[in-house]
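Student: What follows is a single structure, and I will ask about it in a moment.
Every number in this text was worked out from the coordinates using simple rules, so none of it is lab data. Keep in mind it's a predicted model, so treat the numbers as computed, not measured. Quick reminder, even Gly has a Cβ in these numbers, built from the backbone with ideal geometry, and neighbours come from all protein chains shown.
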Amino acid sequence: MTIASIGWHRPASLAEACALGLRYGSDAAFLAGGTELIPDYQRARETAQHLIALESVPGMRGISQDQGLLRIGALTTIAAVAASPLVRELVPALADAARAIGSPQIRSMATIGGNFCRAVPCADTPPAAIVSAARVRLVGTTGARELDAVDFFTGARATALAAGEVLVEIVIPVQPPHSGASYQRFARRRGPALAVAAVAARLTLDGDRVAEARIALGAVSPTPLTVARASALLKGAKPSAALFEAAGELCAQAALPISDVRGSADYRRELVRVLARRAFQEAVARAGGSVQ
Amino acid sequence: MSGELMIRLNVNGEDRALAVRPNATLLAVLRDDLGLTGAKRGCGAGDCGACTVQVEGEPVASCLMLAAAADGKTVTTVEGLARGGDLHPLQKAFVKHGALQCGYCTSGALMSAKALLDRDPDPSRDDIKAALSGNLCRCGTYGRMVSAVEGWREHDGVPLDALPRAHGERDQERDHAVVGRGVTRYDGPDKVTGRAKYTADLRLPGMLYGKMFGSPIAHGRITRLDVSRARALPGVVDVLTAADVPAVWYGVSPAREDEQLLASDRVRYVGDEIAAVAAVDEETALRAIELIEVELEELPAVFDPEAAMAPGAPVIHPEKPRYAGNVNTRVDWHFGDVEKGFADADHIREQRFVGNRTYQAPMEPHAALARWENHADRLTIWTSTQTPHYVHRSLSRMLGMPMGNIRVIRPPVGGGFGAKAEATPLDYCSAIFAKRTGRPVMMEYSREEMFKHFRGRHKQYIDLKIGVKRDGTITAVEQRVVLDGGAYTSYGVITAYYAGSMLPTLYRMPNYRYEGTRVYTNLPASGAFRGHGVPQPRFAFESLLDMIAEDIGLDPIDIRLRNATLPNTRTCNALDISSCEFTATLLRARDTSKWPEKKGKLPRGKGIGVGCGGFVSGAGYPIYRSDFPHSNAVIRVHEDGTGVSLHIAAAEIGQGSDTVLVQMAAEELGVPYEWVWLADCDTTTSPLDLGSYSSRVTLMAGHAVQRAAAKVRAQVLAIAAGELSRDAASLVARGGRIFVRDEPAVEMEWAAAARLAFGRHGPLVGTGSYQPPKDLGGDFKGGAVGTSPAYSFSTVIAEVTVDLETGQVSVDRVTDFSDAGTVINPVTFHGQVEGSIVMGLGETLLEDTLFDSKGSAMNPNLHDYLIPTMQETPEIHTAAVESFEPNGPFGAKEVGEGSLVPVLGAIANAIYDACGVRVTELPASPEKILRGLAARAPADGVAAPPGETLPGLAGHTAAGGVPA
């Protein structure tokens, strides 16, 4: 299929990109890797008449460590995130989530910013970023602001971005000591396939107890879903199979899945239970702890 | 800013400056502006990988990259791999390992592999599988691709020749020079370089692009159709509606001509064609389609075949009273005495099984390019088809033109599996447009349109009952099958017969009753899919046989051995089986898989299962009544005797038929394989062949080739006899030399003898034909379906792991032994079997086309309709057993379809062995497995005893409910 004729803009600066975004408003779409945007055009899900290619905007690509903060430019490809030694060392669950996306061809085009901004419910990197306490830096025509990643997502395919605002980078703080995180997803095949359900978890240990638990579910609600009740149950408890089973059950109850061609709501709920348990187990192992 | 942009690309080392529109994809610019058609459009959505190129060294889906976004970058396409006349070692490795079949995915797979090797020249097998996981190959050639990438260095600096890679690679010992050897695939070099031009790769000056417009609803009457806005769009050259095309009822099956090219009144499924547009480019044609206005009176629709037969159901073909109750075909067969057979049984078991509506999903979308020949009232059409002859005949009937005025050319075909076995609306409409506009017209289906056109597997509802003696001997079999036919017949009459006719070929069954009912529904038409009607009944049979074996305490292989068909058998339904090494396939598979050490002894979650199958080696009768031989060949020797041209219209669709036909020609002539040129498949130069369906090519076209070659050889030997002063009967032609059998020193060059023959008698030509025996089959209605000169047999043993928490099944290892008669080429043989295993895995575990409550397709794309990737592919062991088919050329018979048939049952039986869940509905989705596991676990946590079957696995129907 081909897409309708469009206006093409290739701003050379962030300010210019924001100004164009503001000028065209909802009639503009920012183009990064295009792996979501171009198919959305083809199935008439995207109708913006102006494409603003961010390709040439400087300073939005790359992964760096700066005063303890891991900074991932929004235009960094998923392949680069997956392969980055820094990401693998500091937030391995995010590297796992990146590696789970699409095919090599998709990962070398798709960007982490695009994975956030298209805000597809089954996107893989947001849950992993959210449990890592990631923040997003947005720049608009009137200045910059930072949000917790979890607050960036406002609905299925909807974000907190205002007109003319660009997601510039994802900032991940130093992970607390004795922490481990895991990203568990289920798909119908091992080869490239969208997640049917996913669970990200980060557990921080204090001695033989869980000091903090962060959990985010993917593909089972319009936005990545944190599960406060499960986190509260885990907090202060000793890791055990029974505890993880109970916390997994709370995750399953919290999920708001739909039925579609990839799986029924009931099945997705069941998957959340299983994936949550597996995520807790891997997180504890990565934190250097053990499960009773 | 919506005008054209100037961009600069470095493509394959050359700097190019191009004006592009901002919405043009890199793929479109490479193919249309630069003529680099190696990168293919398989899905247009980044799902299939056929369009993979390297941008700045990284593999990308060029269908998702805007050309404008590639400005200033370096692009490498498959055309940039070879250096000068020498192929890249990776390309040679692909050819030598047989790592390509239809070739449509090959360019993309090569570019993914190249990007990997640029980064890591010695990748692990796991790295290779990950790197190529985004390159779908429906031929299932994954294992060979892994080996090729792994072994690429072996081909560095080594010329590509025709000799087998592994020295003398053969499965069977035969005294042949060319037959039986894994020679280099005839179409290999063209397919690894991007030189092979598939239909959609062709470009003609002034060419228009056409698109179809289909019904938005599943059942209705057209009350208003207005194409004036579409016609008025600048760039639109012509629009067709029913008024502009012949009002002919057509269909590939003469028994049921129930289709019309464009609907004038009634539409019967979502996508039923209503109009077509031809415009200066594809984008304009698509925009014009959106301007077509149609109003429909919606009629009640039915999507379930059993509901469609009920009183009061909507009538889908009211104009044809013979289809009352929406019954399209009914079969009622009774052989022997089933009542007596069941009375004689010690144990009887019956079970309902439900299949799935799987789609062939060839990687190449259907395409046709038509040109009206202005110097006469004649048509040339290039079309992606498995059956050039049926397209030829259908066009002749639709257009009211003699076949002599129509020239059908079949370019390379990127897979078919039955999806391309009849003329499509693209063939008809492109031809009509070409005549009306005077310009060449290209038409292509999108991936979504392919799913809507369908002609895939009939979903079958199978009630099967088997009776056995205490020792496992089958006494009676009763099978009732309801087939979901969709809105039209396609090949479905034959499907309904095949679903019953092939069961008695594997096991002796003295008493057999079959009732088949093919029913119209408001879904896309079902047709002929690899194994044509047989895989689902065979899945049911192999499953029920295992259930019975467990009931009576027999090993599943032992119950099969007890009943296995023996050579030279006439089945209860009057099919004559000549060669049959079925027992050998069971025994060899049992040994190689180490079955006795595994069956019943694996830990919970791991399982092993057996399934068997087979197929015809060519249908005994053609689709329509005709006296023509089914296959015909002409062989012509070049005047100096150093080259040979083979003219045959058989259809290479990836199965390797070009290669095996060339091998048979070379063998029979007594010349090297490299001497033979295969002429393009073109009805003006190649005589009639019925095409690639019913696994007929090796046997039938092979016979025609062998006979044509024998005539040429006789002429050459007659000349040589004179020159050598010996009797022609004492001479042997082999490898380009002619010598006396008992005095090899007395010899001459084959070419010299051929040169003399040409000099004396003019063109040295031989013709050959093949007609199956006239009297095949029983004298009962439908007795023709299932007849064949020969039958294949195979056994598959599958080993699986079931994730007991998610229900996910992975297939770890598959062992296959096939009786395919003489194997003409072991590389293409193994490629076909391996591909069948991969495809069968998909049909068993992953695939089903799904529809919402209004009959709209829910997954008409390759990210929701998931087919196996390299990462699903198990470890596969395949081998041929010793066999010789007296009715086949050189003793050969089929393997391409029969090898799919056993896979479904083998995997289902392995799942049962692993976790006690009996799969009765396909696909065996993890959700169904999990529900089965839950139903088996009573509250006290003690697992239910094995042998329990779970009818409750149903409940998620495709049309209406929640898909599983």
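Student: What is the distance, in nm, between label points placed 7 Å from the Cα along the Cα-to-Cβ direction at residue A:246 and at residue B:480?
Tutor: In this crude spin-label approximation the distance works out to 5.4 nm.
Student: For residue B:624 and residue B:711, what does the FRET efficiency come to when R0 = 30 Å and r is the distance between their Cβ atoms, rounded to the nearest 0.05? List each step's numbers first, then the result.
Tutor: Details: r = 29 Å, r/R0 = 0.96.
My answer for the efficiency is 0.55.
Student: So, by mean Cβ neighbours within 10 angstrom, what's the order for B:460-467, B:275-282, B:836-843 with the highest one leading?
Tutor: Numbers: B:460-467: 22.0, B:275-282: 23.8, B:836-843: 27.9.
So the peptides B:460-467, B:275-282, B:836-843, ranked by packing, come out B:836-843, B:275-282, B:460-467.
Student: What FRET efficiency do you get for residue A:158 and residue A:290 if R0 is 35 Å and r is their Cβ-Cβ distance, rounded to the nearest 0.05?
Tutor: Values: r = 41 Å, r/R0 = 1.18.
With R0 = 35 Å, the Cβ-Cβ based efficiency is 0.25.
Student: I'd like the FRET efficiency for residue A:208 and residue B:810, computed as 1/(1 + (r/R0)^6) with the beta carbon distance as r and R0 of 22 Å, rounded to 0.05.
Tutor: Numbers: r = 36 Å, r/R0 = 1.62.
With R0 = 22 Å, the Cβ-Cβ based efficiency is 0.05.
Student: Could you tell me whether chain B comes out rounded, prolate or oblate from its Cα gyration tensor? Rule is a ≥ b ≥ c as square roots of the eigenvalues, rounded for a/c under 1.5, then prolate if a/b exceeds b/c, otherwise oblate.
Tutor: rounded
Student: OK, next. Does segment B:89-196 come out rounded, prolate or oblate by the C-alpha gyration tensor, with a ≥ b ≥ c the root eigenvalues, rounded set by a/c under 1.5 and, if not, prolate when a/b is larger than b/c and oblate if not? Don't skip to the answer; put the middle values down first.
Tutor: Working: a/c = 1.83, a/b = 1.65, b/c = 1.11.
Verdict is prolate for segment B:89-196.
Student: Moving on. Stretch residue B:158-residue B:780 to full length: gain in nm at 0.36 nm per residue minus the Cα-Cα span?
Tutor: Length difference between fully extended and current span is 218.0 nm.
Student: Between 0 and 90 degrees, rounded to the nearest ten: what's the tilt of helix A:265-286 against the longest Cα principal axis of chain A?
Tutor: 70
Student: My understanding is that a pair violates if its Cα-Cα distance is over 27 Å; which of A:235/B:928; B:191/B:711; B:854/B:928; B:420/B:893; B:114/B:606 do that in this structure? Display every interim value, and only then the final one.
Tutor: Values: A:235/B:928 35 Å; B:191/B:711 32 Å; B:854/B:928 24 Å; B:420/B:893 23 Å; B:114/B:606 36 Å.
Long pairs (Cα-Cα over 27 Å): A:235/B:928; B:191/B:711; B:114/B:606.
Student: Set the bar at 29 Å for Cα to Cα. Now go through B:469/B:599; A:238/B:598; B:96/B:197 and name every pair that lies beyond it. Walk me through the intermediate numbers first.
Tutor: Values: B:469/B:599 23 Å; A:238/B:598 41 Å; B:96/B:197 21 Å.
Long pairs (Cα-Cα over 29 Å): A:238/B:598.
Student: Can you spot the lysines whose alpha carbon is less than 18 Å from residue B:435's alpha carbon? Ignore those fewer than 8 places along the same chain.
Tutor: Reachable lysines: B:211.
Student: What is segment A:7-53's relative contact order, in percent, from Cα pairs under 8 angstrom and six or more apart in sequence?
Tutor: 55
Student: Separation between the residue B:124 and residue B:515 pseudo-spin-labels, each 7 Å from Cα along Cα→Cβ, expressed in nm?
Tutor: Between residue B:124 and residue B:515, the simple spin-label model gives 5.7 nm.
Student: Within a Cβ distance under 10 Å of residue B:526, other residues only, what is the Lys/Arg minus Asp/Glu net charge? Don't jump to the answer; show the numbers that get you there.
Tutor: On the way: positive: B:357, B:455, B:457, B:459, B:518; negative: B:484.
The answer is +4.
Student: Using a 10 Å cut-off around each Cβ of peptide A:257-269, what is the average number of partner chain Cβ atoms that fall inside? Don't skip to the answer; put the middle values down first.
Tutor: Numbers: counts 0, 1, 5, 6, 12, 6, 6, 8, 1, 4, 10, 1, 0.
Whole-number average of other-chain Cβ neighbours for A:257-269 is 5.
Student: Please compute the average number of Cβ atoms from other chains found within 10 Å of each residue's Cβ in peptide B:56-62. Numbers along the way, then the final one.
Tutor: Values: counts 1, 1, 8, 8, 9, 11, 2.
So the per-residue partner count for this stretch is 6.
Student: Suppose a student asked you for the relative contact order of segment B:5-80, using Cα pairs under 8 Å spaced at least 6 residues apart; what percent would you report? Provide the component values of the computation, followed by the final result.
Tutor: Details: 154 pairs, mean separation 30.1, N = 76.
Relative contact order comes out at 40 percent.
Student: Between residue B:558 and residue B:375, what is the spin-label point distance in nm, taking each point 7 Å from the Cα along the Cα→C-beta axis?
Tutor: 7.5
Student: Find how many whole Å separate the alpha carbon centroid of segment A:1-57 from the alpha carbon centroid of segment A:180-215.
Tutor: 33
Student: Moving on to the next point. Does segment A:180-286 come out rounded, prolate or oblate by the C-alpha gyration tensor, with a ≥ b ≥ c the root eigenvalues, rounded set by a/c under 1.5 and, if not, prolate when a/b is larger than b/c and oblate if not? Before the final figure, lay out each step's value.
Tutor: On the way: a/c = 2.30, a/b = 1.78, b/c = 1.30.
In terms of gyration-tensor shape, prolate.
Student: Separate question: Determine the shielding of peptide B:36-47 by partner chains: average, over its residues, the number of Cβ atoms on other chains within 10 angstrom of each Cβ. Spell out each step's value before the answer.
Tutor: Details: counts 0, 0, 0, 0, 0, 1, 0, 2, 5, 6, 12, 7.
Going residue by residue through B:36-47 and averaging, the value is 3.
Student: Note the angle between two axes, namely the Cα long axis of helix A:14-24 and the longest principal axis of the Cα atoms of chain A, as a number of degrees from 0 to 90, rounded to the nearest 10.
Tutor: The angle comes out near 70 degrees.
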